[in-house]
Amino acid sequence: MLENLERLFPLYPKKIKQLLRFLYENDLELYLVGGSVRDLLDSGKLGFDQDFEVQSRSNMASQQWRDHLDKVMPLAAKEFDLSIEKLKFNIYRMECEEYDLEFAPARKEVYPKDKKVFGHSDFKVELLPNAPVSKSWQRRDFTLNAMGVKFDLSGPRSKTEFLDPYQGIEDLKTRVLRPVSEDFQKDPVRFLRSLRFSRKLHLTFGLELKEKLGQFNLQLLTQEALKRECLKDYAPVEFLFKFFELVDEYGVEISSDSMVDLQNAVRKLKELDLKNLHVPDFYASLSLLWCNGFEWNESDFLAFSLFWGGRKKIAKRLYNQYLILEETPEKILELSSVEELRRSPFYGQLKKLLEFFESSEWESFREVIPEKTSSALASLLKLQDVSTLKEKYDKNLNDQQGAQRGDLKLLQFIQSLRKS
């Protein structure tokens, strides 16, 4: 594994090498840390997200160090014609070619002692201009994300030193996920990251992590944070299932109405086989509900819709179409005359269904259905797939060549479905 680090600096494009040398010459000690080091050790590949911790090479005081960073970082961006953004905690982000570079001053995160329920970043920060990495990296989540490389760029040839204060490389070899800090459970996002890294890197939970998972309180975990982690996973909907399984397994409390609604919705979805669903879109998941005649109330529908960024108005309309489609096979297909059609309690719903076919929502729905769901969709109305329903509607209209209108056309469409 360690041999992969020997070629680290040469892997960078010329402009990044020049940038790092410029920062080093301007009193910045540079440590590459986190996921890029982990992945280089594990797979030999250098990712495009590069996170650097920076410290002062000359024993600056805290405020002097802040002022120095505020001067040097914009100067570096200007020198090499790079975009730059200043984030909280005095972190600077730059883009260089296809690389995203983040320079974070070493810091300590201090959690209030009298607080019991924490949200993300509920801590105060102390900058550490000069500190051993065993102290500055104590804020990191897992041991395998607390490995780093220190750069020595004082001479013409770069030198690197591998630093591993928490034995992360051993955990990487044995595929064990282990927390670093005693305060690990005070950031609810780390509950999500535990799940995501275990799935991404095929890791097992170490004993320390299992103990910490049971100490989490997720009352302040937001849906937005959950969605961000879902979308980083290779199978977002499956990640949702596993998240709530983990919540139940460790008896973790989630009390916000929005999260409870989402949990109820996921429990219903969980009964379906969605292992191959990789599309991060709630429409695709709901299409499977329609195929399986699933009972789905409006509250659940809206919870899942809003979670994936859908608008309430469209979600409600889709919910109405779900009700119609669910009833269509058993009852609507029995209608045999225009009179029966007009007397039917489904008459108004059918008209709305046809409006749905002609709306932009239908096109959005059809576009996001993944090919992998085709076998499940075959059960909908006993047709080949959900698109067949719309195709039959379009064909029925073309066959009539505009001669038939209104309710007769609607009845003939129903009859065409009955012949399927």
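Every number here is computed from the coordinates shown, using simple stated rules; none is lab data. Quick caveat, the model's predicted, so the values are computed rather than measured. Note that we place each Cβ from the backbone using ideal geometry, even for glycine, and neighbour counts take in every protein chain shown.
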The range 176-255 - Rg and Dmax from Cα coordinates, angstrom: 11.6, 31
Explain nothing, just the number: relative contact order of the range 176-255, from Cα pairs under 8 Å at least 6 residues apart, as a whole percent. 36 percent
D70 to Y347: FRET efficiency via 1/(1 + (r/R0)^6), r the Cβ-Cβ distance, R0 60 Å, to the nearest 0.05? 0.30
Efficiency of FRET between S43 and K159 - r from beta-carbon atoms, R0 30 angstrom, step 0.05: 0.80
Volume per residue that the Cα convex hull of the range 2-174 spans, once the total is divided by residue count, Å³: 126 Å³
Report the FRET efficiency, 1/(1 + (r/R0)^6), for E25 and S337, where r is their Cβ-Cβ distance and R0 is 60 Å, rounded to 0.05. 0.10
Going by C-beta contacts inside 10 Å, put K108, K116 in order with the fewest on the left. K116, K108
Provide I16, I84 in ascending order of the number of other Cβ atoms located within 10 Å of each residue's Cβ, fewest first. I84, I16
Over all alpha-carbon pairs in the range 90-145, figure out the percentage whose distance exceeds 15 Å. 62 percent
Ranked packing of 63-69, 191-197, most packed first, by mean Cβ within 10 Å: 191-197, 63-69
The summed charge of the I169 Cβ neighbourhood (under 11 Å; Lys/Arg +1, Asp/Glu -1) stands at -2
So how do V247, V237, V133, V117 line up by other beta-carbon neighbours within 10 Å, fewest first? V117, V247, V133, V237
How far apart, in nanometres, would the label points at E95 and Q18 be if each is projected 7 angstrom from Cα along the Cα-to-Cβ direction? 2.0 nm
